[in-house]
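Some notes on the structure that comes next.
The values are calculated or read from the model by the stated rules, or taken from the named source; none is laboratory data. All of these numbers come straight from a predicted model, not from anything done at the bench. Don't worry about glycine lacking a Cβ; one is built from the backbone with ideal geometry, like all the others, and counts go over all protein chains shown. Each accessible area value is taken on the protein alone, full model and side chains, heavy atoms only, with ligands, DNA and RNA left out. Shrake-Rupley method; radii C 1.70, N 1.55, O 1.52, S 1.80 Å.
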Amino acid sequence: AQSVTQLDSQVPVFEEAPVELRCNYSSSVSVYLFWYVQYPNQGLQLLLKYLSGSTLVKGINGFEAEFNKSQTSFHLRKPSVHISDTAEYFCAVTVDYKLSFGAGTTVTVRA
Amino acid sequence: DTEVTQTPKHLVMGMTNKKSLKCEQHMGHRAMYWYKQKAKKPPELMFVYSYEKLSINESVPSRFSPECPNSSLLNLHLHALQPEDSALYLCASSPQGPTASQYFGPGTRLLVL
């Protein structure tokens, strides 16, 4: 079965610093990968997704991710974070209609 | 309209009560989902509806009963819940197909006393 592993449970970061959230996937077939963000007391919002083609994917709010097939990774990056980026971030892989989420990474941005 | 709405936002119920959660979308999506999310955990899939028919039931206890009256509405009927069922219940919708992105509602925060 396909799954994802998020390597960091918590990432504290200072405002205007870069951040990278790591996600590895396991699959022997084609993968469709997603990053979702959940702000406090809200539902999930799609940041970006990789389906095929260019391995560098740009998303909303200045986030981007790189699909690396040889390392089976899909890491999320932002060059300069804001206080408002404080949230829970989930990497996910889909098979048919099922989204399989990683455990999540809590990002706390401090001034 | 790219929004999934859920009502109510908060719900407190006793173990003998019957209540319903409602979800609505007007994006023309033909797949709709219910998830359960405990604090500090990822969402767990409960049910999937495809073209108003239940296509996936992830071995959810029968005290949770989903219903899809039409292509825009999804309900989750609750009866005889347990305190451990307290959680955030998220609804989502998507177009058909494995590459489709799911759009999530804000959730209903349920407390079972």
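I'd like to know how chain B sits against the 2.2 N^0.38 Å rule of thumb: what's its Cα Rg over that expected value?
1.00
Can you tell me which of B:11-17, B:23-29 comes out highest on packing, and rank the rest after it, using the mean Cβ neighbours within 10 Å? Walk me through the numbers on the way to the answer.
Working: B:11-17: 13.3, B:23-29: 17.6.
Taking the mean over residues of other Cβ atoms within 10 Å, the ranking is B:23-29, B:11-17.
Could you tell me which residue out of A:GLN71, A:TRP35, A:THR105 lies farthest along the dipole of chain A toward its positive end? Charges go on the beta carbon: Lys and Arg +1, Asp and Glu -1, centred on the Cα centre.
Checked the options; the winner is A:GLN71.
Over chain B, what is the relative contact order in percent, taking alpha-carbon pairs closer than 8 angstrom and at least six residues apart?
Values: 287 pairs, mean separation 41.3, N = 113.
This gives 37 percent for chain B.
Pull the list of chain B cysteines that no other Cys approaches to under 4.7 Å, Cβ to Cβ.
B:CYS68
Tell me, which residues of the stretch B:71-113 get at least 50 Å² less accessible area when the other protein chains come in, versus the chain alone (1.4 Å probe)?
B:PRO98, B:THR99, B:SER101, B:GLN102, B:PHE104
What aspartates and glutamates does B:LYS38 reach when the alpha-carbon gap must be under 20 Å and sequence neighbours fewer than 8 apart in one chain are set aside?
Partners found: A:ASP8, A:GLU88, B:GLU58, B:GLU84, B:ASP85.
With +1 on each Lys and Arg Cβ and -1 on each Asp and Glu Cβ, how big is the dipole of the protein assembly as shown about its Cα centre, in debye rounded to the nearest 20? Display every interim value, and only then the final one.
Working: 20 positive and 18 negative charges, 71 e Å.
I would put it at about 340 debye.
Ignoring ligands, DNA and RNA and using a 1.4 Å probe, state the total buried accessible area between B and A in Å², rounded to the nearest 100. Let's see the in-between values first.
Values: alone 6300 and 6300 Å², together 10870 Å².
Answer for the B-A pair: about 1700 Å² buried.
So for the protein assembly as shown, considering every pair of alpha-carbon atoms, how many percent are separated by more than 23 Å? Show your work: numbers first, answer last.
Values: 12038 of 24976 pairs.
So the pairs more than 23 Å apart make up 48 percent of the total in the protein assembly as shown.
Given a 1.4 angstrom probe, what's the average accessible area per residue across chain B, in square angstrom?
Working: 5430 Å² over 113 residues.
Spelled out: the 1.4 Å probe surface of chain B, per residue, equals 48 Å².
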